[in-house]
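Chemist: This is the structure, below, for whatever I ask next.
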């Protein structure tokens, strides 16, 4: 009996063991399957998570670069202004006579120098953004210093005016005549260590400006701290770049704003850059170093800014996320083993993870939306500075800025603000900082001009506005702007002691030409005073003793030529002709100077031509440069260069493919510019322009014609109901379909069917 019981117990034990083994096998299979599924989801999610934040970091880097580019444009503009200042000085007959003297004791020499200093003190030159503390001209032949304030010997200037140490006199005088210092920002600490403040000295050799000999050096003294502040960063936590180094085309560093950081031009130039950026450890902290080369001057700028603020946090979040997901993975396995028949739990977990992903995406979208004001300011700056050449791009910007209306009139308004509280007594509300000053001005502009405010800051305490109105209000635009400026000026003056001076250009109907109005507004500001703090451009009396060709026009001419913008080039030449020949009636000597400057601009564009152009074409072009310079010749050369820069691509095959795609998918209600652009990986503006150029009609008309043709065929050849017809040809709304049908065929769909029967 006991033996039988032992046998039965053994069988029962064996069956239980087999059952357990089978359950374990099945559970293992289920656990393995779910584990692989969870592991794949984990890997994919981590990849997407990391890629998303990598894209944000890339956008952050290019945002910083965009801010630098804007600052560089202003900086190079001011460098050009300093060159213009020197050229204008060199054109003065008395100044050229002064250069010819070698006897500093001559009474004529001293009288002429003092008179010239007086004239310089009354001349008004365009206000630069660079923090120029002092300007003087050193005359080596006589050892004299000429400035708008004084005309004295270099020794008296050194001892009496600046009170430098005696031991530093030779270093200072040597620095003025050392050609290696020209066109470099030389720290004054290297020349005069006992100088009370930190300054840079920038010198221009006048022998480099014209063909004539001019033995003189113009020195610009600039505040070091203010110069550094010009290159402000777009970072929310940092107001300045860690450092900025600029090198010329000879690969020589001519500007080093390194602060207290131990870094050199050799260090940054030797780095390996990917897409213009490199990582570097600066004083124990990781920073990003960007490299940008100016297309206008060829100067290369190296700058550092904080590495993406969220980078370290992203890494920590990734580690935390992996740990949390691993725990969830183990918990999922435990639940699978216990509740293998319950598949709801993994689905719920997956839904939760997807919700977290959506929340993360929404957060990133909020970050992108927060950048919209910066983008709007950038677009306004591009419009007013003439960087928008195509009508397609202008149309996109108009839509983005929500400039509602088909027939709008535009105008450029330029405002300069001064805090004159010290002259009129202490203001009721004192202004503590530059940031408070700008905030006060911007809030006042929003209150008086309304929102949205299309504005950007060209420089310190300067404000550029894009005004828009309907054609019906065109005549009153300048009047309303005058009234608004008066009210705004009175409010700021009474409340804060701030004076406003504003200039406004002429009205224009084209966004691509609004830069002309803005340039006119800048010119108008020079005619303002405390009695006339608002001055329209059309009130300016043109001076026939000076030609109109500011550096901005030269920059724009090069930009329009290199982008192949023929219409913009013609518009600019019309402006130059109108300002100088029609309104000023320039004498022949000034006309020659004007044409010479235009020719020099065209030469810059000539030497920027891309490779691959035949030698015969370039030779013919060079022969034109050697001909007698006339206005018509300059215009012809500019148009020739414009055509050479224009890139004509063969888009016939692409258009054919798009036409076939439309014919196959015309019934899709979502068919539109964005869908075609996504399908063929081209921009909407380029597709729209290219399609109309190749087919003769715009995309919307082409699509509508196909849909209407198919609808007419179906009405005549099939018995499809009219309620189904509009859906079959890609319309979501029956009324919209009927209006389009009647516009093309002159009858409604129901009338066409009745006539068929």
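No value in this document is a laboratory result; all are computed from the given coordinates. All figures in this text were calculated on a predicted structure; none of them were measured in a lab. Every residue, glycine among them, receives a Cβ derived from its backbone with ideal geometry; neighbour counts consider all protein chains shown.
Chemist: Let me check the size of region 231-307 from its C-alpha atoms; what are the radius of gyration and Dmax in Å?
Modeler: According to the Cα coordinates of region 231-307, Rg and Dmax are 11.9, 36 Å.
Chemist: Now for a separate question. Going by average Cβ density within 10 Å per residue, which order do the peptides 100-113, 728-741 take, highest to lowest?
Modeler: Going by the mean number of other Cβ atoms within 10 Å, highest first, we get 728-741, 100-113.
Chemist: Still on this structure, I have one more. Give the peptides 498-510, 242-254, 266-278 in descending order of average Cβ contacts within 10 Å, highest first.
Modeler: 498-510, 242-254, 266-278
Chemist: Which peptide among 432-438, 409-415 comes first, and what is the full order, when sorted by highest mean count of other Cβ atoms within 10 Å? Spell out each step's value before the answer.
Modeler: Values: 432-438: 12.0, 409-415: 24.7.
Averaged packing, sorted descending, gives the order 409-415, 432-438.
Chemist: Compactness ratio of region 83-172: Cα Rg over 2.2 N^0.38 Å, N = residue count?
Modeler: Values: Rg = 13.7 Å, N = 90, 2.2 N^0.38 = 12.2 Å.
Here the Cα radius of gyration is 1.13 times the empirical estimate.
Chemist: Could you tell me how many cubic angstrom of Cα convex hull volume region 91-228 has per residue?
Modeler: Once divided by residue count, the hull of region 91-228 is 116 Å³.
Chemist: Turning to a different aspect of this structure: Per 10 Å bin from zero, what fraction in whole % of the C-alpha pairs of region 652-756 is there, up to the bin with the longest pair?
Modeler: Taking all Cα pairs of region 652-756, the binned fractions are 14, 45, 28, 12, 1 percent.
Chemist: What number does region 586-636 give for Rg over Rh if you use C-alpha atoms and the Kirkwood radius?
Modeler: Looking at region 586-636, the ratio lands at 1.04.
Chemist: Along each of its three principal axes, how wide is the spread of alpha-carbon positions in region 371-540, in whole angstrom units, largest first?
Modeler: 52, 39, 24
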